[in-house]
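The values are calculated or read from the model by the stated rules, or taken from the named source; none is laboratory data. It should be emphasised that the depicted structure is a prediction, and the values quoted were computed from it without experimental measurement. When we count neighbours, we look across all protein chains shown, and the Cβ atoms used for this are built from the backbone with ideal geometry, even at glycine. Ligands, DNA and RNA are stripped out before the accessible areas are found, and what is left, the full protein with its side chains, is counted by its heavy atoms. Shrake-Rupley method; radii C 1.70, N 1.55, O 1.52, S 1.80 Å.
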Amino acid sequence: MPENSPSKKYSVSLQPVGRRIEVEPGTNILTAAQRTGVELVSLCGGIGACDSCKVRLVKGKLSPHTLEEQALFSADELEAGYRLACQAIPQSDVVIDIPPESLTTPQRLQVEGLEVEVPLDPAVIPVDIKLDPPSLDDLRSDTTRLKDALSAQINIIRFSRLPRFSHAVLASLSEKARSFGWEMRLALREDEVVAILPPSHPTNGSTPLLGLAVDVGTTKLAAYLVDLISGKTLAKAGAMNPQIAFGEDVVSRIAYANTHADGAQVLQARLVETLNHVLSDMCAEATQAGFTAAPEWVVDAVVVGNTAMHHIFARLPVHQLGTAPYVPAVSEPLDIPARELGLNLAPGAYVHLPPNVAGYVGADHVAMLLATNTWQRDDQTVIALDIGTNTEITLAHKGRLLSCSCASGPAFEGAHIHDGMRAAPGAVERVQIKGEQVLIHTIGNQPPVGICGSGILDAVSEMIAAGIIDPHGSIRPLHPAVRKGDGMRYNFLLAAAGDSGHGREVLVTRKDVNEIQLAKGAIRAGIEILMLEAGLAGKPEAIDEFIVAGAFGTYINLESAVRVGMFPPLPLYKFRQVGNAAGTGARQMLVSKAHRRIAEEIVARIEYIELSSHPDFISEFSHDLFFVNAREEV
Ligand code: FES
């Protein structure tokens, strides 16, 4: 049948969401995506008047570029395959890549669940063992019986003496051996038995060996329950960090720990309590899905976080983290018995804490560098950053790894913003200004009730492009949506009271713009100082790839980030948004001892740059407070 036969259907494969659909000729990509349940943002309703439905052609043939697309995309972007989903019509089977910012928020969360496979080499291995029951002719103790059986069974390790047991594991051996009929699965960590589990059984299936990977963020936690035998993630869960009640950022948490007699214990206990809940929930979810899972079967854990979260969790002192020169108490990797930290895992399980780099660059950043392969891109120049209240940045260039941390503040979490809110239903997440019209998209298509981080970034970017914000960040009365605010200041109206979900206006204020200036100025200054240290000052074109990690980084519109000057002016195809890569790195280290060693190598290679004492930081930061597109007007 000819390729363009009217009855020929085309296959549209949508990546990385992994959906495929057959469509009739003439069906555009936006419609194809909607039909298969993939929701793209379409601010203008699909008429080619916005750019919110941007996608990239990976394979196959699409209809010629429309005038709208030619006006919107640069020659490089068109060459790289960028298209508007509402304008592009398949002319063959096609594979389409959807950038995270073109997906609505719930769809982006699905993208975050990608598995990254590494060769399995877990620190804890299963040993299925059958013991001879004691008799009048065989009066060996239960432990000697176990040691002898282990020595006979394991070729690599010969136990001349009793393998190590924690007291809790040892105390449970006699009872478990008898109740399991002298058949059991041991979880062995080097020469230590960390758990005695029920035997695998042909009818009951294999007893899983479970591991827990956690990324402890200052605001949120991400946890993963992993089968160490298959490497598969059985369940994952997110939760708010309960420490937020004691301070919204790292500095206030450290202050709380330092100024209250039991401050550090309270912060640690709240965190562990939440982790125990999250683990129970994940075990219940995995059990519902057909796996047998219980917290006491979790035999290993890897926890990453920034240095303050690491120290609080590990019950290490944090006083020195809040006082210049802000050094960690411990930067080496740690393996701590889970029970000493209050985590309800298998009685002998350990928690592995990968190494930290500095007081404000922690193991979460190391895990991100590991997961994104930034550490082995010796032939390329790569920037990898994780945006949060603190933004950690690494520049990989000619075998060097240069890292820094900058205080970007909580504006992108919606804090300190007049109508700021977290990314939840009703939050404005995308904004476009088209002439006198202000187009907004809210999470869940709910009536607007506030603005989340990606929304405020978009709003400021659009206001710059429309000339409403001047280089200093002042809002000028040059648009019908500009309203008189306090004193000489103006606000920008995103939603009128009658259109909002709470009957009040949703506004962008001058102070909001200032918060974004401080955040983006700090991040850009960090990037520029690293470029300077690498001998690449003023050469953004030298950057081969720009990796944006973390929840917020996954949600932002990259064009907006470039337009406000937070990121250097690079073509879009050089950016890669990778979601929670720290959580991915933690999972890799959970299933691979080799990856734990690589994490140590990464830390040994990193050259840490302290921005606060860098001679060029203040002038760079002052410069970066201005809006980039308006710089020449300053
Ligand atoms: Fe495609 Fe607006 S929805 S350009």
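Assorted remarks:
- Odd one out for S252 among (1) free of Cβ contacts under 8 Å to residues at least 12 places away in the same chain; (2) loosely packed, with under 15 Cβ neighbours inside 10 Å: (2)
- Candidate set from the stretch 40-59 (those that are of a type in the set (V, I, T) and within 13 Å of L103 (Cα to Cα)); member that is farthest from the ligand (Cβ to nearest atom): V55
- Members of the stretch 393-428 that are farther than 25 Å from T307 by Cα and within 18 Å of the chain's Cα centre (by Cα): A423, A424
- G48 assigned to a loop (DSSP other than H, G, I, E, B), under 23 Å from E77 (Cβ atoms), open to solvent by less than 80 Å² (accessible area, probe 1.4 Å) and modelled with pLDDT of 85 or more: yes
- For the stretch 377-394, the tally of residues that are aliphatic (A, V, I, L, M), in a strand (DSSP E or B) and either more than 19 Å from A519 (Cα to Cα) or at pLDDT below 95 (or both) stands at 1.
- Among all residues of the stretch 173-183, there is at least one that is crowded, with 18+ Cβ neighbours inside 10 Å, in a helix (DSSP H, G or I) and in contact (Cβ under 8 Å) with a residue 12 or more places away in the chain.
- Criterion applied to R587, R576 was being surrounded by fewer than 21 Cβ atoms within 10 Å (Cβ to Cβ) and under 18 Å from the mean Cα position of the chain (by Cα), and the one residue passing it is R576.
- Extreme residue, nearest to E101 (Cα to Cα), among residues of the stretch 563-573 that are open to solvent by 30 Å² or more (accessible area, probe 1.4 Å) and assigned to a helix (DSSP H, G or I): Y573
- Residue check for T219: surrounded by fewer than 21 Cβ atoms within 10 Å (Cβ to Cβ), of a type in the set (V, I, T) and at pLDDT 90 or above: no
- Where G450 falls short, out of the listed (1) in contact with a Phe, Trp or Tyr (Cβ under 8 Å, 6 or more places away or on another chain); (2) under 22 Å from G553 (Cα atoms): (1)
- Wholly within the stretch 408-511, strands (runs of 3 or more DSSP E) carrying at least 1 residues that are closer than 22 Å to G565 by Cα and open to solvent by less than 20 Å² (accessible area, probe 1.4 Å): 427-434, 490-495, 506-508
- When residues in the stretch 13-39 are screened for being within 16 Å of the ligand (Cβ to nearest atom) and either open to solvent by 60 Å² or more (accessible area, probe 1.4 Å) or assigned to a strand (DSSP E or B) (or both), 4 of them pass.
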